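The values are calculated or read from the model by the stated rules, or taken from the named source; none is laboratory data. Computed from a predicted model, the values in this text were never measured in an experiment. Every residue, glycine as well, gets a Cβ built from its backbone with ideal geometry; the counts of neighbours run over all protein chains shown. Ligands, DNA and RNA are excluded from the accessible area calculation, which covers all protein heavy atoms including side chains. Shrake-Rupley method; radii C 1.70, N 1.55, O 1.52, S 1.80 Å.
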Amino acid sequence: MPRPILATIHTQALAHNLNVARSHAPDARVWAVVKANAYGHGIERAFNGLRGADGFALLDLAEAQRVRDLGWRGPVLLLEGVFEQRDLELCSRLDLWHAVHCNEQIDMLAAHKTNVPQRVFLKMNSGMNRLGFRPERYRSAWTRLNALPQVDEISHMTHFSDADGAAGIARQMQVFDATTRDLPGERTVSNSAAVLRHAGVPGASDWVRPGIVVYGSAPDFPEHSAAHWGLQPTMTLEAKIIGVQHLQPGDTVGYGSSFVATAPMRIGVVACGYADGYPRICPTGTPALVDGARSQTLGRVSMDMLSVDLTDLPNAGMGSTVTLWGRAANGAVLPIDEVAAKAGTLAYELMCALAARVPVVVDA
Ligand SMILES: *Cc1c(COP(=O)(O)O)cnc(C)c1O
């Protein structure tokens, strides 16, 4: 028998969350962002849940090929554009739209031999200082692109650094608007947090680019929860209890003896560890569901195992199912955001880190 650990991808939840994003941006078309192998879900596994999107946005050309192999004929956008000259041939062959964020990419386009002009998304660095042309360079980049026979339509794109927090998007929107106002072309600015928190930004978006909301995580947790936004978990990680220990006061749990019992306890040893993608840094007290009832981890996470408290769960024991995040069989939900917060990180990182050794099923 394989190790009793399993991840489940929830197709209906993906479709539901995509609709939540859509409902906040009813006039925009929606890119489902599927970079990083659909945030760790697997592009092929997530595809059925996301096929209601208007397009797929990602950044790895091999992943773009996989989206085409699934039969998707609609728009595919490379969020970072091309990395080298010959990538443009694949763009032509697979009909990929691509971001243009630097002069080197314009040089590559100018040298590209094609009869079919390409659709590009000119990216502005409106303050995040990651990719893009600074506002004062943006219009000359546009003029240069616009003169190339290799280029068809030019859209405008920027990315927010603070859509999830107090700083918000106003400053970046002002720069973006002022620079692009009189230029033709579609616009795309909003990630998940902007879609949920800054709906109806004037003139903002012909296309929105939600990623994390589609995967059921609240981009502004803990200010708001996934439940607050009406989002459903799209990935469940669960494993079974493969051992039970009875502790006396003074007994310890796991490496480093970091947890010390102060009363008699019963604990379950779960077949999930950091080699499965569960963060080793999660401290004692990280929530977990045992047969759908809320409990918590005890002691350090090992490579292949972790421990949970069964003291108040007399019916739980060998073979019980522990939900590390996601939805339990009884419908109870443990938001991945809560586990991520205990690990001092974001749900993004946990989803993306699901280990290859974990078997995955898709519930249709
Ligand atoms: C990842 C990414 C997104 C999606 O971000 P979320 O926070 O997951 O919604 C949107 N746009 C760009 C350019 C990205 O890189």
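Computed quantities for the displayed model
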quantity: Residues satisfying the stated conditions in the range 174-190, i.e. within 16 Å of the ligand (Cβ to nearest atom) and part of a helix (DSSP H, G or I); calculated: F176
quantity: Top-ranked residue in the range 291-311 [being of a type in the set (S, T, Y) and open to solvent by 10 Å² or more (accessible area, probe 1.4 Å); ranked as farthest from R357 (Cα to Cα)]; calculated: T311
quantity: The range 30-39, residues that are under 9 Å from the mean Cα position of the chain (by Cα) and buried (at least 23 other Cβ atoms within 10 Å of the Cβ); calculated: V33, V34, A38, Y39
quantity: V322 being under 22 Å from A13 (Cβ atoms), in contact with a Cys (Cβ under 8 Å, 6 or more places away or on another chain) and at pLDDT 95 or above; calculated: yes
quantity: Selection count, the range 197-225, where residues are more than 9 Å from the ligand (Cβ to nearest atom) and open to solvent by 10 Å² or more (accessible area, probe 1.4 Å); calculated: 14
quantity: A167 vs. criteria open to solvent by 40 Å² or more (accessible area, probe 1.4 Å), modelled with pLDDT of 95 or more and aliphatic (A, V, I, L, M); calculated: no
quantity: Residue in the range 17-28 that is within 27 Å of W325 (Cα to Cα), in the same structural domain as H156 (by TED's automatic domain parsing) and surrounded by fewer than 18 Cβ atoms within 10 Å (Cβ to Cβ) present; calculated: yes
quantity: From the options L88, L79, residue that is more than 16 Å from the ligand (Cβ to nearest atom) and either modelled with pLDDT of 95 or more or open to solvent by 30 Å² or more (accessible area, probe 1.4 Å) (or both); calculated: L88
quantity: Whichever residue in the range 54-67 is without any contact (Cβ under 8 Å) to a residue 40 or more places away in the chain and open to solvent by 40 Å² or more (accessible area, probe 1.4 Å) and, among such residues, is farthest from S23 (Cα to Cα); calculated: A62
quantity: Flag for T321 being polar (S, T, N, Q) and surrounded by fewer than 18 Cβ atoms within 10 Å (Cβ to Cβ); calculated: no
quantity: Lone qualifier among A99, A46 - being within 14 Å of the ligand (Cβ to nearest atom), open to solvent by less than 10 Å² (accessible area, probe 1.4 Å) and farther than 21 Å from A353 by Cβ; calculated: A99
